[in-house]
Each structure stands twice: as C-alpha cells, then as structure tokens.
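The values are calculated or read from the model by the stated rules, or taken from the named source; none is laboratory data. Keep in mind that what you see is a predicted model, and the values were worked out from it rather than measured. Note that each Cβ is placed from the backbone with ideal geometry, even for glycine, and that neighbours are counted across all protein chains shown. Accessible surface areas use protein heavy atoms only, side chains included; no ligands, DNA or RNA. Shrake-Rupley method; radii C 1.70, N 1.55, O 1.52, S 1.80 Å.
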Amino acid sequence: MNKNVKRLGVFALAGVLGLGVASTTISAAEPSKDTDVFYTTSSTNIDADGKVVMVVPAAVSLTKENKTQEFAVTIQTADETEHLPNNFKATVNVESKNKGMLKDKGMTKSFAYKLLKGEASSKEEITLANGAVKFNDFTALPDSSSVEQKATIKVEDEVVKKLENEKPGSRFTDTLTFKVTSLSGDGLTQVK
C-alpha cells in the first residue's frame, strides 16, 4: 500500500503521471480515428487496475498575509468519462512527518500549525501529533466520476509573530502523507 502514499508538502509534493492508451481499429469506411490522451496531475493509483486515482495539491504555501489555506483531496476516475462504482467507498488517513510542526531545514526550530477537516470556517481539527489518523471517508454519488473532501491548513496569529522574528526568507516545512486505508466498489481491487 506504500505506493498509495501521497505526500503533501505543507510545501512540497511529488506527482505521479497517469496516462492511458487503448487500441482502436480503423475501418475502410472511416479512415481516421481519435485517440484520447489523459494527464492527471499530482495523483497516485489507489486501485490495482489504475482506474481510480487520488489527487492532492502539489503544495500548500502559507505566509503572514495568507495564514489559512483551503485545499481539496479528490478521489476520481483516471478517465473522466468513466464513473466511479455506485457503491464506491474509501477511507483516507493522513500522517504528518513532523507531527504537526513546521520545522526549519536543520530541524532545530519548530512551530505548530493546524490541519482542519473541511473549509476554513471549520472548527474540527485533525490531531497530527500521534502518527497516522483518519482524514475522511469518501463515498461516491451515483454516476459521479469524483468525490472531494476539503481540508484547511492554518497557522495561528501568535505562531505567525514568532515565525516572522526568524531570518527573512527562512522556510519552515512539514510533509503530510495521505494514504487510502480501505477501498471498496464493484470491480475495484486495492493496491497492496
């Protein structure tokens, strides 16, 4: 299941390219045929056949002017013309490399931030201090090709004041890992 891991950098994240190629025949009456090319950004396969992917933002960046940032974690079909199984369900966990702390390059200084479930107005904090925890459940509506769950990264004002006392241009980072821990739906097999 480690292939399912997506790293969200409150700050840097590697993406995985998903390209699908299928053969098609050309008849004499129809001398040309189209080939659809798909590129799904910042995604990783979550099923064994590569039909379903998880998409997370490439980065979430915070500054003193932008102390709160909403983002979405989306589970979708690799081919947007397809639908998720009507009985599609998945659970996604999240884990913080630095246990919910923004750290400098030398890992000598750290500052707390919050991960909230839902939009910026949410009060539901996801505690990152103790390892992997449940992020959210994803359940598809009939005939949908994606399921999206919002989250918010937030740095409190008192933390921003401390960060701004550091050397100009200093960067403090963490990495969030989103991992599908359960997956069900007609025809889907979870990657091990």
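Structure data summary
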item	result
Residue identified as under 23 Å from VAL147 (Cα atoms) and among the small types (Gly, Ala, Ser) among ALA112, ALA58	ALA58
Pairs, first free of Cβ contacts under 8 Å to residues at least 24 places away in the same chain in the range 48-65, second open to solvent by less than 10 Å² (accessible area, probe 1.4 Å), C-beta under 7 Å, six or more apart	VAL55/SER43
Some residue of the range 137-155 being among the hydrophobic types (A, V, I, L, M, F, W, C), assigned to a loop (DSSP other than H, G, I, E, B) and closer than 30 Å to ASN86 by Cα	yes
Residues (open to solvent by less than 30 Å² (accessible area, probe 1.4 Å) and under 20 Å from SER61 (Cβ atoms)) located in the range 83-103	VAL94, SER96, ASN98, GLY100, LEU102
Pairs, first under 15 Å from GLU65 (Cβ atoms) and at pLDDT below 95 in the range 145-159, second surrounded by 18 or more Cβ atoms within 10 Å (Cβ to Cβ) and of a type in the set (D, E, K, R), C-beta under 8 Å, six or more apart	none
Exclusive hit being farther than 25 Å from SER61 by Cβ, modelled with pLDDT of 95 or more, hydroxyl-bearing (Ser, Thr, Tyr) and open to solvent by 30 Å² or more (accessible area, probe 1.4 Å), set THR181, THR189, THR139	THR139
GLU70 vs. criteria in a loop (DSSP other than H, G, I, E, B), under 14 Å from GLU148 (Cβ atoms) and in contact (Cβ under 8 Å) with a residue 60 or more places away in the chain	no
